[in-house]
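> Dropping a structure here in structure tokens format, bear with me for questions.
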Amino acid sequence: MRPSARATLRIANRPRPPLSLQHFLQRARVLALYRTMMRATGRIGDARTKAETRKHVRDEFERYRHVEDLSHIRYLVSTGKTQWESMQRYIDGL
């Protein structure tokens, strides 16, 4: 293994510092929203639409995975809930 690869591996394996209480609470809200969305996509009858919807949900959460600013996280959760409510009306109509 190259020396630079070993150094990268050591950095990646370092434990992260514990989350602040506010970060912990926001993380719980994000995970709850994600789980709600993934469960609700199970009600979609068409397999292709279900797969596309799940992929879209996962991609959106992955895109913002590394955001650490609390106000930005709150904004993303709020926006995600709003988008989900409109998508849920569509799913319920199927």
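> Those residues that are acidic (Asp, Glu) and either part of a loop (DSSP other than H, G, I, E, B) or farther than 26 Å from Phe24 by Cβ (or both), I need them from region 41-90; list them, please.
Once the filter is applied, which keeps residues that are acidic (Asp, Glu) and either part of a loop (DSSP other than H, G, I, E, B) or farther than 26 Å from Phe24 by Cβ (or both), region 41-90 yields Asp46, Glu52, Glu68, Asp69.
> Follow-up question, since we're still on this one. Scan region 29-86 for residues that are within 20 Å of Arg16 (Cβ to Cβ), exposed (fewer than 13 other Cβ atoms within 10 Å of the Cβ) and over 11 Å from the mean Cα position of the chain (by Cα) and jot them down.
Passing the criteria: Glu68, Asp69, His72.
> Name the one entry in Glu85, Glu68 that is modelled with pLDDT of 90 or more and in contact with a His (Cβ under 8 Å, 6 or more places away or on another chain).
Glu68
> If you take the residues of region 5-28 that are surrounded by 10 or more Cβ atoms within 10 Å (Cβ to Cβ) and not in a helix (DSSP H, G or I), which of them is modelled with the lowest pLDDT?
That would be Leu19.
The values are calculated or read from the model by the stated rules, or taken from the named source; none is laboratory data. Computed from a prediction, not measured in an experiment: that's the story for all the values here. Note that we place each Cβ from the backbone using ideal geometry, even for glycine, and neighbour counts take in every protein chain shown.
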